[in-house]
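Right, one structure below, let's go through it.
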Amino acid sequence: MEVIISIIVGLIVLAFLYGVLCVVVRKWPAIIWIVGIGGGLLVGIASSWWIGAIVGFFLIGFLGHAESSDGHRCAHCGSYDTTVTKKENGIEVWQCNKCEQFTSGY
């Protein structure tokens, strides 16, 4: 019974950390490259260079997905810091919070 409770609590903590990670990465996208390259170098030093390269690419991909999840990309500046302003017939219109331009799409 304790194992099941531990797994459930662990999954809840992971979901919370992923949510925090998504917010942080959207706010400061440079963190993707810093953590990816830094993590790859640390793993490469600790083990082998090719394992470090794989881990670095994995971290960059994971953090890149965390940046783009549940958000719309601005067509003008490329930012994911947007707010949906209108939804009609499956088409959404969102406004960028950086350049304040509007973009529409599905």
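In this structure, is His76 touching a strand residue (DSSP E or B) at 6+ places or on another chain (Cβ under 8 Å) and open to solvent by 70 Å² or more (accessible area, probe 1.4 Å)?
Judged against the criteria, His76 is a match.
When only residues in region 32-44 that are open to solvent by less than 50 Å² (accessible area, probe 1.4 Å) and of a type in the set (A, V, I, L, M) count, which is farthest from the chain's Cα centre (by Cα)?
Initially, region 32-44 is screened for residues open to solvent by less than 50 Å² (accessible area, probe 1.4 Å), giving 32, 36, 38-40, 43-44.
Pick out the ones that are also of a type in the set (A, V, I, L, M) and you get 32, 43.
Numbers: Ile32: 8, Val43: 21 Å.
The residue in question is Val43.
Tell me, please, whether a residue that is closer than 17 Å to Lys27 by Cα, of a type outside the set (Lys, Arg), modelled with pLDDT under 75 and not in a loop (DSSP other than H, G, I, E, B) can be found in region 73-87.
yes
Looking at region 45-72, which of its residues are open to solvent by less than 70 Å² (accessible area, probe 1.4 Å) and farther than 13 Å from Pro29 by Cβ?
Step one: list which residues in region 45-72 are open to solvent by less than 70 Å² (accessible area, probe 1.4 Å), which gives 47-48, 51-53, 55-56, 59-61, 63-64, 66-69, 71-72.
Correct list: Ser47, Ser48, Ile51, Gly52, Ala53, Val55, Gly56, Leu59, Gly61, Ser69, His72.
Can you find a residue in region 97-105 that is of a type outside the set (Asp, Glu), open to solvent by 50 Å² or more (accessible area, probe 1.4 Å) and in contact with a Gly (Cβ under 7 Å, 6 or more places away or on another chain)?
Just the residues of region 97-105 that are of a type outside the set (Asp, Glu), to begin with: 97-99, 101-105.
Among the residues that remain, those that are also open to solvent by 50 Å² or more (accessible area, probe 1.4 Å) are: 97-98, 101-102, 104.
Next cut, in contact with a Gly (Cβ under 7 Å, 6 or more places away or on another chain) only: none.
No, that holds for no residue.
Consider Gly90 carefully, then state whether it is open to solvent by less than 30 Å² (accessible area, probe 1.4 Å), within 25 Å of Phe102 (Cβ to Cβ) and either in the same structural domain as Glu100 (by the TED database) or within 12 Å of the chain's Cα centre (by Cα) (or both). So that I can check it myself, show each step before the final result.
Numbers: open to solvent by less than 30 Å² (accessible area, probe 1.4 Å): no; within 25 Å of Phe102 (Cβ to Cβ): yes; either in the same structural domain as Glu100 (by the TED database) or within 12 Å of the chain's Cα centre (by Cα) (or both): yes.
Taking the combined requirement at face value, the residue does not satisfy it.
The values are calculated or read from the model by the stated rules, or taken from the named source; none is laboratory data. Note that the structure is a prediction, hence the values are computed from the model and not measured. Positions of Cβ are generated from backbone atoms using ideal geometry, with glycine treated the same way; all protein chains shown enter the neighbour counts. When the accessible area is computed, the model is the full protein with side chains, heavy atoms only, and any ligands, DNA or RNA have been set aside. Shrake-Rupley method; radii C 1.70, N 1.55, O 1.52, S 1.80 Å.
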